[in-house]
Amino acid sequence: NNKFLITMTTVNKATPSSKTDYTRWRLKSERGRQTWHYLETDEQLAAWPQTVYDKYHLGIDTGLPTLPEATSNLEAARNGLRFFSKLQLPDGQWACEYGGPMFLLPGIIIAHYVTDTPIPDAWKVEITNYLIARAHPEDGGWGLHIEGESSVFGTALNYVVLRILGMDPDHPVAQKARNRLHQLGGALGSPHWGKFWLALINCYGWEGMNPVPPEMWCLPNWLPFHPWRWWIHCRQVYLAMSYMYSLRRSHPVNDLIRSLREELYTQDYASIQFSKHRNTVAKDDIYHPHSPILDVANEILTVWGNWACPKFLQSYARKHVYDLICREDENTEYCDLGPVNNPLNFIARFFTEGPDSDAVARHRETIKDFMWMKHEGMLANGTDGVQTWDTSFLIQAVVECELTTEPEFQDMLINALRFLEDHQIRENCPEMDKCYRQQRKGAWAFSKRQQGYTVSDCTAEGLKSVMLLQKTPGMPQLVNDRRCMDAVDVMLTMQNSDGGFASYEPIRAGPWLEHLNAAEVFGKIMVEYSYPECTTAVVTALALFRGYYPDYRRREIDETIKKAVRFIKNVQRPDGSWYGAWGICFTYAGMFATESLALTGEHYNNSDNSRRACEFLLSKQMEDGGWGESYMSSVKEEYIHHKNSQVVNTAWACIALMNARYPDREPIERGIRLLRERQQGNGEWLQEAIEGVFNKSCMISYPNYKNVFTVKALGMFARQYEEGKAPRH
Ligand code: LAN
């Protein structure tokens, strides 16, 4: 196939594979919708030149110049921004890889397979390359996430992906992965979601899956365990899953499936009695074991589904669930909440409305938004991007550096502001109560407006960034007062009774619902929780807003802030730390929590909480002056050092100490020096260990952090500790 430059590359040291021509890949971002394109003809190539950001993400030399060596910390921050400004896309945001989880690609590829959606050849080559590059270097399997140990979930599903994409079962990579899978006991030990995907492609029996009855959506809303109260990611995944579980429809058997049925198991497929394996889960896969209550519920619901559920109720429930699936598609312009429910909804619509329906055509487009191309190949991102989130942090880093009026950064900032303006959500979902949606008019989502899901801290960071920039002389005023107030209105609907803020919605049910957590591989997935990170983002946004608009809902804002700071104090651990749910881990949460304390004037010299926070962080500083946290901190809920210091953890820890106005500059300066030493000549920082996490067990990359929080830390240090300026709080 001469479409690809077939170069023999050595991926993962051992295995030669083909590679596409990297000079032909282009990243396009239209109003936040980011997609990768492989240009096949020379005319296309001539019309669409490769940019610096394309090259950067593909690992091609960008040719960016070495900058004059920084002679001060502020100049180093400037250099960082000079570099980072080159990665901004024309629509104003900083698209980047958002990989890590290894269970997303299988859903996307299986959705293509089941719906007969062609997979572009260039994708096939590069997804294969990615999976080869990311196979466990010793045993050849895949885990829950890129840094994890091989599991049945990761290995069985990614093996299926390789086979769908055309890899021969005798290929050494396939052989090695299969051996690993068999060592782990074979695909029978897949966790619940794995069993589901395998059942869809007819490589597992539906009767071997613990039930996901759609009828639960017909229960009265006041019931404390009604699915509308679950955490949105859990509820939207199980929503679509329940529909397909109820249909029990699988892809017709063909040669590939016949072959997979033999490859995935250690026993003869025909001999497997799937109904006996509902609870068979490989021990290495289990993070959250079943509770006895869940086991009992599963037994009852199996009987219910097989024999007791009246037909009329079943078909009523299916219709109801399908209506919710369609609403989800429409409310999100077919982006859907994330990369698990997007392919699920796609398949549900395909099964129900057929291959030529409008819904299927739209899904065939939006599913592309999750794909990302990098030097290792093509992967699935954890969301349809990090657009709003990372754009907000960049703006705030520039604000901390007090460089918002610098002429050389004007275009970048105005473009970033335009992006945030464009991506503020302007309308609530139609009939939002019927689809159990949170108020969203005025909110920002994590990725883009089209996706349309309010996130408490994305709204807060978006609002802060807009307000801060719009107060800068010379900046256009794009978001008017009313729209800032709308954002505040949304946040004020979201405080929990403990004073904290959760992610997408206020808590709708108690943590006891984790007893019904059936996913096996994730912890804390059933309901919302209050998080110090989200809480800090909201209170700092409210406080900033209160400064600009002192009369708007003043009493409520004052109350909200007071209660929220109390929450932050309440969840501080005895050792002075906070557990971070979304970044790794205690350094991340420490950065936020100390900012909340600073907001109410609590610093090292006048607050016990602040002092304990500093002491905790200082006790973790490494020999070289940096901080480095292993992702095992998140898993084990205790601080675990990475073997090396990390620029991102170092920046977070330094920011935390500066938030607390830690009086001795020496330890902070050592951290700052480390950031300086690791900065490259062109202003960038290089990728180190993975930065983010969700559901305690799954890691996720935030590659922009290394270029943003470093700049912020340098700027804060320069302004506050070197120039002696008052901090913003
Ligand atoms: C994210 C990414 C962003 C993150 C922050 C804004 C950082 C956080 O402060 C609030 C929660 C949020 C929005 C978040 C929630 C869970 C997400 C969407 C993710 C970690 C990215 C991927 C993850 C999602 C659940 C992945 C799909 C997996 C399932 C278990 C359905």
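The values are calculated or read from the model by the stated rules, or taken from the named source; none is laboratory data. Being a predicted model, the structure only gives us computed values, none of them experimental. We place every Cβ from the backbone using ideal geometry, glycine too, and count neighbours over all the protein chains shown. For accessibility, only protein heavy atoms count, side chains too; no ligands or nucleic acids. Shrake-Rupley method; radii C 1.70, N 1.55, O 1.52, S 1.80 Å.
Laid out as a table, the results:
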{"quantity": "Placed amide H near residue 381: partners under 5 Å, 5+ positions off or other chain", "calculated": "371, 372"}
{"quantity": "All-pairs Cα distance distribution in the stretch 191-342, expressed in whole percent, bin size 10 Å", "calculated": "10, 36, 37, 16, 2"}
{"quantity": "Cubic angstrom per residue, convex hull over Cα atoms of the stretch 420-485", "calculated": "78 Å³"}
{"quantity": "Anisotropy class of the stretch 284-388 from Cα gyration tensor, a/c 1.5 cut", "calculated": "oblate"}
{"quantity": "Cα-based convex hull, the chain, per residue volume (Å³, whole number)", "calculated": "155 Å³"}
{"quantity": "Heavy-atom accessible area per residue - the chain, 1.4 Å, Å²", "calculated": "36 Å²"}
{"quantity": "Calculated from backbone phi, Karplus (6.51, -1.76, 1.60) coupling profile of the stretch 324-336 in Hz, x at Gly/Pro", "calculated": "5, 5, 5, 4, 4, 4, 5, 5, 10, 6, 6, 6, 6"}
{"quantity": "Projected label distance in nm at residue 485 and residue 514, using a 7 Å step from Cα toward the beta-carbon", "calculated": "4.1 nm"}
{"quantity": "Table column - 3J(HN,Hα) (Hz), the stretch 349-361, Karplus curve with 6.51, -1.76, 1.60, x for Gly and Pro", "calculated": "5, 5, 4, 8, 10, x, x, 9, 6, 4, 4, 5, 4"}
{"quantity": "Ranked by how many other beta carbons lie within 10 Å on average, peptides 380-392, 468-480, 405-417 from highest", "calculated": "380-392, 405-417, 468-480"}
{"quantity": "Rg/Rg_globular for the stretch 36-113, with Rg_globular taken as 2.2 N^0.38 Å and Rg from C-alpha atoms", "calculated": "1.51"}
{"quantity": "Built amide H within the under 5 Å cut-off of residue 583, gap 5+", "calculated": "693"}
{"quantity": "Cα Rg, Dmax, the stretch 261-326, angstrom units", "calculated": "16.4, 41"}
{"quantity": "Spread of Cα-to-Cα distances over 5 Å intervals beginning at zero, given as percent, for the stretch 489-531", "calculated": "5, 23, 28, 20, 12, 8, 2, 0"}
{"quantity": "Reach of residue 311 by Cα under 26 Å, taken over lysines that are not fewer than 8 positions away in the same chain", "calculated": "195, 276, 319, 434"}
{"quantity": "Computed over the stretch 400-512: relative contact order in percent, which uses C-alpha pairs under 8 Å that are six or more apart", "calculated": "24 percent"}
{"quantity": "Translational diffusion coefficient (Stokes-Einstein; Kirkwood radius from C-alpha pairs) of the stretch 525-677 at 25 °C, 0.890 mPa s, in µm²/s", "calculated": "155 µm²/s"}
{"quantity": "Two-decimal Rg/Rh across the stretch 72-211, once Rg and the Kirkwood Rh are taken from alpha-carbon atoms", "calculated": "1.12"}
{"quantity": "Gyration tensor (alpha-carbon) shape descriptor, the stretch 355-419, a/c threshold 1.5", "calculated": "prolate"}
{"quantity": "The stretch 647-729: mean projected area of Cα convex hull, nm²", "calculated": "6.3 nm²"}
{"quantity": "Apportionment of accessible area to carbon and sulfur, the chain, percent (1.4 Å)", "calculated": "51 percent"}
{"quantity": "Violating pairs (Cα-Cα greater than 23 angstrom) within the set 86/712; 28/448; 524/620; 524/706; 176/706; 441/562", "calculated": "524/620; 524/706; 176/706; 441/562"}
{"quantity": "Phi to ³J(HN,Hα) by Karplus 6.51 cos²θ - 1.76 cosθ + 1.60 over the stretch 419-426, Hz, x for Gly, Pro", "calculated": "4, 4, 4, 5, 9, 6, 6, 9"}
{"quantity": "Peptides 200-209, 25-34, 246-255, 185-194 ordered by average Cβ neighbours within 10 Å, highest first", "calculated": "185-194, 200-209, 25-34, 246-255"}
{"quantity": "Whether the stretch 459-606 is rounded, prolate or oblate, judged on the alpha carbon gyration tensor where a/c under 1.5 counts as rounded", "calculated": "prolate"}
{"quantity": "Net length gained if the chain between residue 472 and residue 357 were fully extended (0.36 nm per residue, minus Cα distance)", "calculated": "36.5 nm"}
{"quantity": "Ordering of 74-82, 309-317, 97-105 by packing [mean C-beta count within 10 Å, highest first]", "calculated": "97-105, 74-82, 309-317"}
